[in-house]
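Below is one structure, written out as structure tokens; the observations come after it.
Nothing in this text is a laboratory measurement; each read-out follows from the coordinates by a stated rule. Worth saying up front: this structure is predicted, and the values here are computed from it rather than measured. FYI the Cβ positions are ideal-geometry reconstructions off the backbone, even for glycines, and counts take in every protein chain you see.
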Amino acid sequence: MADDHMHVQEFFGARAADWDNRFPDDGPAYAAAVAELGLRSGAAVLDAGCGTGRALPPLRDAVGPGGTVLGLDLTPEMLEAAVRAGRDRAGSLALGDVARLPLQTGALDAVFGAGLISHLPEPEGNLRELARVVRPGGQLALFHPIGRAALAARQGRQITPDDLRAEPQLRPLLAGAGWRMVSYVDEDARFLAIAVREG
Ligand SMILES: C[S@@+](CC[C@H](N)C(=O)[O-])C[C@H]1O[C@@H](n2cnc3c(N)ncnc32)[C@H](O)[C@@H]1O
């Protein structure tokens, strides 16, 4: 396994058990972000880098009992915490890498990725793999429950203009990977970029 992946697994493995306790008030923000996708009943959706599965219950609510919800993550401890929290009742969980998704081309209506993109070693290639598994016209939501500036402050660092998630970087990055960005919000209360899969 690549060093990048071992680093991700060590970093998030150490934080998994306490993850939900650190951010207990984020639930409504996840539900609001999922609602903005306007998923139809019966849709198929992936939570990429699902962690403890905080997005899975609102995703299930959106697609209904006949829909498909899959949570995929690289860190086993995160998925174990998701099971302990009962989030496996909202969707199927899989250990895996967004660089090589165990899904057929065009199989999904949408991908939700919270706190994911900054951790990807090859953002463009990984976003292209996410595009592969989404049908033309399907959606990608890149979300974080606080905005870039608030996150940087929490982590004791400065926000930099070359940040991948800054709009001038993110729009062409998505375009190069098969996505057309249709909305972008970066405010203290949340970060949410939504893109549509080009045909
Ligand atoms: C900041 S956490 C966010 C977890 C969850 N989405 C949430 O909002 O609480 C990032 C997650 O992405 C996962 N991750 C990082 N790189 C990944 C990859 N290449 N494939 C799948 N998951 C990955 C990590 O294991 C971690 O659980």
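Scan segment 98-199 for GluC sites (Glu not before Pro) in coil per DSSP, keeping those whose Cβ has at most 16 other Cβ atoms within 10 Å, and list them by number. Walk me through the intermediate numbers first.
Values: sites: Glu124, Glu129, Glu187, Glu198; in loops: Glu198.
Filter output for segment 98-199: Glu198.
Tell me which trypsin sites (Lys or Arg not before Pro) from segment 1-93 have a DSSP coil assignment and no more than 15 other beta carbons within 10 Å of their own.
Working: sites: Arg15, Arg22, Arg40, Arg54, Arg60, Arg84, Arg87, Arg89; in loops: Arg40, Arg54.
Passing sites in segment 1-93 are Arg40.
In what order do Ile146, Ile117 fall by count of nearby beta-carbon atoms within 10 Å, going from fewest to most?
Fewest-to-most ranking of Ile146, Ile117: Ile146, Ile117.
What share of the DSSP beta bridges in the chain is antiparallel, in percent to the nearest 5? Each step should come with its number before you reach the end.
Values: 15 of 33 bridges.
So the antiparallel bridges amount to about 45 percent of the total.
In what order do Met6, Met78 fall by count of nearby beta-carbon atoms within 10 Å, going from fewest to most? Write out the running numbers ahead of the final one.
On the way: Met6 12, Met78 25.
Ordered from fewest to most neighbouring Cβ atoms within 10 Å, Met6, Met78 come out as Met6, Met78.
Give the Cα extents of the chain along the principal axes, in whole Å, largest first.
Largest first, the chain extends 44, 38, 36 Å along its Cα principal axes.
In what order do His5, His144 fall by count of nearby beta-carbon atoms within 10 Å, going from fewest to most? Provide the component values of the computation, followed by the final result.
Details: His5 14, His144 23.
Ordered from fewest to most neighbouring Cβ atoms within 10 Å, His5, His144 come out as His5, His144.
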